[in-house]
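Trainee: Take a look at the following structure, please.
Rule-based calculations on the coordinates, nothing more; no lab input. Here the structure is a predicted model, which is why all the values come from computation and not from measurement. Quick reminder, even Gly has a Cβ in these numbers, built from the backbone with ideal geometry, and neighbours come from all protein chains shown.
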Amino acid sequence: MTVEASHSPDLYPPFVDPRACDVLCGRGRFGPAFVASRSTATVPVLTCSLPVQVMGLWQLWLISLGESAVESHDNDYYRKTAKSLGRTFRNPYNLGRKANLTEFFNVGEGG
C-alpha cells in the first residue's frame, strides 16, 4: 500500500520525498500514530528538562565561585579543616563572581 502525496513533487528538492513530509505533517496512513507519539514524547522531555536546568544552574554557580565539581568537594574539606584550626580557606582561583564568569565565557576585554 502506498501513500499518496498531497503536494506536487515539484515543490520539493530532489532529495526530499513528499510522502515523508505528508507523514511528518500528520497526513497519510502513518500520520495519526506519529502525532500520538509526538504528544507522548513531551512527557519525558518535560520530566528531564527540570533536572537538566538545575544541574546547569549548579554548574554556573560553581563557575562563578571559580571551582569545578571536584574542586568544590575538595574546597569544602579544606574549609572545614581550616575552620577547625581557626583559619579561613581562600580559593586561589576565585577572582570574584563577575570576573570568573567573564573569564570562563571569554567575554570582556581581551576576549
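Trainee: Please go through segment 72-95 and pick out each residue that is closer than 21 Å to residue 106 by Cβ and either in contact (Cβ under 8 Å) with a residue 12 or more places away in the chain or of a type in the set (Lys, Arg) (or both).
Mentor: 91, 93, 94, 95
Trainee: Something else about it: Being farther than 20 Å from residue 55 by Cβ, surrounded by 15 or more Cβ atoms within 10 Å (Cβ to Cβ) and among the acidic types (Asp, Glu) is the filter here; which residues of segment 65-111 pass it?
Mentor: 103
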